[in-house]
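Right, one structure below, let's go through it.
The values are calculated or read from the model by the stated rules, or taken from the named source; none is laboratory data. Keep in mind that this is a model prediction, so the values were computed, not measured. Glycine gets a Cβ as well: all are built from the backbone with ideal geometry, and neighbour counts include every protein chain shown.
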Ligand SMILES: C[S@@+](CC[C@H](N)C(=O)[O-])C[C@H]1O[C@@H](n2cnc3c(N)ncnc32)[C@H](O)[C@@H]1O
């Protein structure tokens, strides 16, 4: 059964915001090149969420028209609104299931997806459907996040006066281990690991399969961002982590990883850290970053 992503982990606003640092301006042309896009082309985005990738791809490109599908009505509503706000009329958002796409065979030049194949119930079926709707000579691309170590995901240098950060990090590692080991997202919706995507493309009979790594990092102390943007990021990432953590607590899977006291302590330290970051934003005394590695896999349909 499909569980709404927006009520499960990421609210439309959080999803949208995190994409603005995952898909940067500098990467746009490279991503388009890697998708093997050149002429006037019809693109399908599968599992579009709030539509960030579709808007990102069509920006400044009159030659592209995009159909973007998702099952989550709240994401689609946000996607429609955001596209309208940006004056974009070359994207059509539709509610549809990736396992049974409502399109004719060979009706698109390219299919693309972003953090979708690793977050859907039946990725093999979705890939078969993507393959069916792309014309020979077209391409299929998938961008997904590699699993990473918590010290890479979130790291930084804090002033010595910040006495709680050491303890926070010890707990964060335990919490992260809980996320990884119980892999609630995976159990919940049977997601696959991103390292399996290239093999799936081979199995699906796609040709000229290529990989393109896309790394990104966000720094709270990045002086090139406005203080408002940094504050918004701190608030949203606190909300997101809290929501995710409470979800795991609710599932009851924490018992193998944390004591009851540590659950409460993590809640307190999480809040303390967000407040500390917020209060010391202008000091230039914290250097914190948050980064991941994504992998883009592209295959040609023959
Ligand atoms: C991690 S989110 C990624 C959203 C968006 N691509 C992004 O990166 O911002 C995964 C998305 O896949 C959608 N999804 C999962 N299974 C689906 C299916 N069978 N058909 C259509 N959408 C699906 C979810 O509703 C959710 O919006």
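I'm trying to understand the selection: among the residues of region 103-118, which are out of contact with any helix residue (DSSP H, G or I) (no Cβ under 9 Å at 6 or more places or on another chain) and within 18 Å of residue 51 (Cβ to Cβ)? Within region 103-118, just 110 meets the criteria. Is it true that residue 21 is within 16 Å of the ligand (Cβ to nearest atom), closer than 15 Å to residue 79 by Cβ and modelled with pLDDT under 80? No, not satisfied.
Against the list (1) more than 23 Å from the chain's Cα centre (by Cα); (2) exposed (fewer than 13 other Cβ atoms within 10 Å of the Cβ), the condition residue 258 fails is (2). Please work out if residue 121 is away from the ligand (no atom under 11 Å from the Cβ) and more than 13 Å from residue 54 (Cα to Cα). Here the answer is no, as residue 121 does not meet what is asked.
Given the options 272, 244, name the one that is over 21 Å from the mean Cα position of the chain (by Cα) and outside any loop (DSSP other than H, G, I, E, B). Let's see the steps before the verdict.
Working: 244 fails: over 21 Å from the mean Cα position of the chain (by Cα).
Criteria check complete, one pass: 272.
So that you can scan it fast, the table gives a plain yes or no per residue for (1) near the ligand (Cβ under 10 Å from one of its atoms); (2) without any contact (Cβ under 8 Å) to a residue 60 or more places away in the chain; (3) under 13 Å from the mean Cα position of the chain (by Cα):
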site: 25; (1), (2), (3): no, yes, no
site: 29; (1), (2), (3): no, yes, no
site: 35; (1), (2), (3): no, no, no
site: 50; (1), (2), (3): yes, yes, yes
site: 53; (1), (2), (3): yes, no, yes
site: 60; (1), (2), (3): no, yes, no
site: 69; (1), (2), (3): yes, yes, no
site: 76; (1), (2), (3): yes, yes, no
site: 84; (1), (2), (3): no, yes, no
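Within region 29-55, how many residues turn out to be farther than 21 Å from residue 98 by Cα and part of a helix (DSSP H, G or I)?
First, pick out the residues of region 29-55 that are farther than 21 Å from residue 98 by Cα: 29-34, 36-40.
In the following step, the residues that additionally are part of a helix (DSSP H, G or I) were identified as 29-34.
Looking only at that region, the number is 6.
Taken together, the residues in region 106-118 that are within 20 Å of residue 16 (Cβ to Cβ) and more than 7 Å from the ligand (Cβ to nearest atom) amount to 2. Applying the set (1) crowded, with 23+ Cβ neighbours inside 10 Å; (2) over 24 Å from residue 17 (Cβ atoms); (3) within 11 Å of the ligand (Cβ to nearest atom) to residue 99 leaves exactly one unmet item: (1). Remark: residue 94 falls outside the filter, which requires a residue to be in a helix (DSSP H, G or I), more than 22 Å from residue 299 (Cα to Cα) and within 15 Å of the ligand (Cβ to nearest atom). Could you tell me whether residue 290 is under 30 Å from residue 203 (Cβ atoms), crowded, with 16+ Cβ neighbours inside 10 Å, under 26 Å from the mean Cα position of the chain (by Cα) and in contact (Cβ under 8 Å) with a residue 12 or more places away in the chain? No; evaluated as a whole, the condition is false for this residue.
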